[in-house]
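The values are calculated or read from the model by the stated rules, or taken from the named source; none is laboratory data. All values derive from a computational prediction rather than experimental measurement. Here the Cβ is made from the backbone with ideal geometry for all residues, glycine too, and neighbour counts use every protein chain on show. Side chains included, ligands, DNA and RNA excluded: accessible areas come from the protein's heavy atoms. Shrake-Rupley method; radii C 1.70, N 1.55, O 1.52, S 1.80 Å.
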Amino acid sequence: MRRGPPRELTPAETEKQALSAIMAAESLETDGPRSSMPPELHHPHSKFSQWKFKLFRVKSMEKAPLPSETQSAKGCSLGISPPAAPNIKSDHCMGPGSVMKLCLGGKGKENVEGPGKRVDIKLQEMEIHMNHLRCLCRICGMVLRKVKGPVHDVHGDLDEASKCALRKMGCKFTTWTEVILKVFKVDVKEDTESVHPLSFCHRCWMAAIRGGGVCSFTRTRVPEWKPHSSSCHLCSPRKPSFHRRGRKRRKVIPKAQSLAKRTRWDHGDSIAIGEKRALRPFGDRHGPVLTARRKPSIPREQWVRNITHCQKEHLSTKLISEKLPVDFIISFTCMVCDHLLSDPAQSPCGHLFCRSCIIKFIHVLGPHCPACNMPCAPDDLTPPAKTFLSALYFLPLHCPNDGCGVQVRLDSFKAHCLSHELEEDASQHLSQLDNYLLTNKGGRPRQHLLSLTRRAQKHRLKDLKNQVKVFSDKEEGGDLKSVCLTLFLLALRSGNEHRQADELEAMMQGRGFGLNPAVCLAIRVNTFLSCSQYHKMYRTVKATSGRQIFQPLHTLRAAEKELLPGFHQFEWQPALKNVSASCSVGIINGVSGWVPSVDDAPADTMTRRFRYDVALVSALKDLEEDIMEGLRESGMEDSVCTSGFSVMIKECCDGMGDVSEKHGGGPVVPEKAVRFSFTVMSVSVLAEDCEEEVTIFTEPKPNSEMSCKPLCLMLVDESDHETLTAVLGPVVAERNAMKESRLILSIGGLPRSFRFHFRGTGYDEKMVRDLEGLEASGSSYVCTLCDSSRADASQNMVLHSITRSHEENLERYEIWRTNPFSESVDELRDRVKGVSTKPFMDTHPTMDALHCDIGNATEFYKIFQDEIGEVYKKVNPSREERRSWRAALDKQLRKKMKLKPVMRMNGNYARRLMTLETMEVVCELVPSEERREALRELMRLYIQMKPVWRATCPAKECPDQLCRYSFNSQRFADLLSSTFKYRYNGKITNYLHKTLAHVPEIIERDGSIGAWASEGNESANKLFRRFRKMNARQSKAFELEDVLKHHWLYTSKHLQKFMEAHKDSAKAFQATIDPVEIQDDEDMSLEVTDF
């Protein structure tokens, strides 16, 4: 159906549509971020203020000239699509211009075709400019669509995620306005919508969060936003390369920031025009321009003034009296400050500078030549040739004094100026002239203070140092540091360097921009940075950000002293027997005082350790905050609980295997290491008015390497019983002495009394037999907890009780040594139940959950092989057959479960092997259905029993499995003695016996098995290798000390809390220094016009 032409609207309908458009514009403006307050808080004349703002904006636009016709096309150069111009001839479309036009007096004919048309075009131009601003970041000036992530409001409140992240780092701001002012030093409170963008990008948000709301790790250059004009950089960019021409724009590779090269046209009649040069920005490829057309560059003057500060010290080239060639004068001019050379220095590339200017330039902008960007360090500077110096000193200069037209040579300029007798301001002029004069006393040119060695600096400043010291002793009570810092602060203020002065003042008041030394120490230890690596990162971040964010190494060494053993004072009552009363004992040699005899092990065994009591004191001081928090949560009075504290200590000792490295020298020592460590499991207190002890601290992760503190590191084989006895003998003596005494230590500002209880539970089967003097694990006496033989344990798998103890083993060793009944070897061995050497360390009768899991997994692995080969039908299978069964099992596990074969069973392999899923994969290789069901039943029973000895608190975590443990263990034993009788006829493994017979009794006595396991000590094996690689040194003795020290710091609760609070800063380090990200930032910044 064909439609007719649209009918014309009546004046009433036209006015109605105009009013609806005005109401829509009002709703859009009131929905913005600046009008989010509740209606009851709105000002009664808010609508009037909005119309007043519209009229002000329109009237301000009437004064601006008409834009060019191509500005709307050029506005697209930033990748921003401008809005379509309002159709003036159409009555149905009401754009922003028509709305603002109605504000000026309706839609009459004089407004459409007369001067109102000019106003509409200006309004359209203003809307285009504001659309451009909405697409840019307020802080960095980048296009918002180029940055991935959400856009944030400049004047908005902090969202919950940002607020939580900043609060963890100590920032309590609630609005982005305060955060931007603190981080980027930009005040956005007075921003207007027509001049400034109202949003900022996600990259600037990340910079603010990483800096903790205090500082910025990135060098963000905040552009200067200007009001819209006819030469607006947003609407009409200068560079034609930003226009879209259908081809990809070639990116300009940024170079190092350097001083612009001078041209011949720069000199002309005036010589001292060097201060007018400007630093060449990144990507500037334009050729030389005549000085007559070039405007004086303010950034160049600011750079020279802020770097060299030599305007009052060096002589200007204007003083040269004769008309000399330009190239000749350039050769005697400093390439940095454009003054005549003072104390000349020549770079390796052949350029000449004032020595003080080039040293300050290198200190600020890095070690490169300002003229050619070649590497140039202060040590590479050399004095020029004597021929050049003679030519320099013979330059003719005008005397600067009025009424004196004498030409003076440069070398005699000082004597001539001093000969003038000034009448009124003599002293003032003389002080100024002294600054102008050459600092050359004859002979070797006088070097700048910063280029001298430390010894030469002390010699030159000796008199000043003595004067300041006398003043500080007389006026400030000897506080020399505060006097020197105050002098430096005043010097910075007088030089208008207020930014650096503010940082120094904040550092003097203890609220500096840098991170806390403990945070830097935690970062270094947790990221395994060596001294050279940390120092490189420290210098890189300082040069990149311009601030000393990280602390130097000497500050970290001072901070780590408080966390290492030997710092805190304490007392034992009564004093420990055979132990020194000194408190400041650090790392000691574990074999000091041991005089080897002919029968002893060689004395070149290396071991380093802490003294046991000093290490326990340091561990308790590390838990000081947790102990005081536990007292408050328990409702106990802090001042009342000063005695009755009990500390439970778990001890672990295990070998780390082969730790050989290709570096290091010294004597030949075994490349197997053993570590003895301890964990503070709990702290409880018995108050005077209470009958039961109250636990105020419990280790939340007892099996983590973060809680397992190293006490002793030794390069020794764990099977060497004699050497292990000699090294751990002093540790055992200190431990026995502490059992009979109590510790007096200041916790929370009050001296408190502690008693220690030790449990040696973190030992595997081999280490327990070594410490308790039992025979090896292949002995017929299968258990370290009871006296059962292997035959008895296989006949009766469940009904056994714990009978062995350390005291009983000592008595049996005496019987073995003396043989009081004159028995034969077999009779004597049966009487002492496998004790063959003297026990030297008390171990708690328990089983290690980790090694129990590994041992049982090894036994199941062998059962799988036997069932695949149907050993129950065969008598003596050959070795080749067993090898083929194992190969088939490994192939099946690798194919279906992604389990690679291992030479020795480990914890990760055991955890993945002992699952029902793995059992189904293995059953595919078992021929008989009956045997498959037996295997499934065996695995189901084991999986139900395993949580009981692996859980930290089985009564809470798995009460049902704990109640059914006796039934499951009896059923498991029946299966082994019936279905798998071919393997367990008269024999059983050590860990299977402990699993079936002793688990319920141990849990009933101790409450847990898994919490007392040695997993923390085993997990720390990889830390030993990481720290040894981090502290690689030529001497293995010093290397072992560094490993022990950093391993102790790694387990510090104090540093862990700092690391948790500043984890965002730790993640931002590599991103801050990463050149890829920096390159990306520069590439993105090139897409926006320089404001």
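What is the distance, in nm, between label points placed 7 Å from the Cα along the Cα-to-Cβ direction at Cys372 and at Arg894?
The modelled label-to-label distance comes out at 6.1 nm.
List, largest first, the extents of the alpha carbons of segment 512-583 along their principal axes, each in whole Å.
Largest to smallest, the principal-axis extents are 57, 25, 17 Å.
Could you tell me what percent of the accessible area of segment 357-403 is made up of carbon and sulfur, with a 1.4 Å probe and every protein chain present?
61 percent
For segment 974-1018, take N as its residue count and report Rg(C-alpha) divided by 2.2 N^0.38 Å.
So segment 974-1018 has a normalised radius of gyration of 1.51.
Could you tell me what a quarter of the Cα convex hull surface of segment 781-914 works out to, in nm² with one decimal place?
11.5 nm²
So what are the three principal axis dimensions of segment 625-763 from its Cα atoms, in whole Å, longest to shortest?
In descending order, the Cα extents are 59, 28, 26 Å.
Using only the Cα atoms of segment 901-1041, what are the Rg and Dmax in Å?
Every Cα atom of segment 901-1041 included, Rg and Dmax give 19.9, 63 Å.
Note down the accessible area of Cys372, probe 1.4 Å, to the nearest 10 Å².
Rounded to the nearest 10, that gives 50 Å².
Which values, in whole Å and largest first, are the semi-axes of the equivalent ellipsoid of segment 457-526 obtained as the square root of 5 times each eigenvalue of the Cα gyration tensor?
Three semi-axes, in Å: 28, 17, 13.
If segment 683-805 were replaced by its equivalent ellipsoid, with semi-axes equal to the square roots of 5 times the Cα gyration tensor eigenvalues, what would those be, largest first, whole Å?
Values for segment 683-805, descending: 35, 22, 14 Å.
Take each of the peptides 957-965, 645-653, 384-392, average the number of other beta-carbon atoms within 10 Å over its residues, and list them starting from the highest.
For the peptides 957-965, 645-653, 384-392, the packing ranking is 645-653, 957-965, 384-392.
Leaving out ligands, DNA and RNA, and with a 1.4 Å probe, what % of the accessible surface on segment 753-865 is carbon or sulfur?
C and S fraction of accessible area: 50 percent.
Just to be sure I understand: if I project the alpha-carbon convex hull of segment 723-865 onto a plane and average over all orientations, what area do I get in nm²?
With every direction weighted equally, the projected area is 12.9 nm².
Report the dimensions of segment 848-930 along its three principal axes from the alpha-carbon atoms, largest first, rounded to Å.
35, 25, 24
Go from 0 up to the bin containing the longest alpha carbon distance in segment 297-399, width 5 Å each, and give me the % of pairs per bin.
2, 12, 24, 24, 20, 12, 5, 1
Where does each of Phe1024, Phe758, Phe394, Phe471 land when they are ordered by accessible area, with a 1.4 Å probe and the largest first?
Listed by decreasing accessible area, they come as Phe394, Phe471, Phe758, Phe1024.
Contour minus end-to-end for Ala391 and Lys458, with contour as 0.36 nm per residue of separation and end-to-end as the Cα-Cα distance?
So the chain would gain 20.7 nm between Ala391 and Lys458.
Past 24 Å, Cα to Cα: identify those pairs from Lys182/Lys1053; Lys621/Lys1029; Lys168/Lys1053; Lys672/Lys900; Lys838/Lys946; Lys873/Lys987, in the order given.
Lys182/Lys1053; Lys621/Lys1029; Lys672/Lys900; Lys838/Lys946
Determine the share of segment 875-1003's accessible area contributed by carbon and sulfur atoms, expressed in whole percent, with a 1.4 angstrom probe.
50 percent
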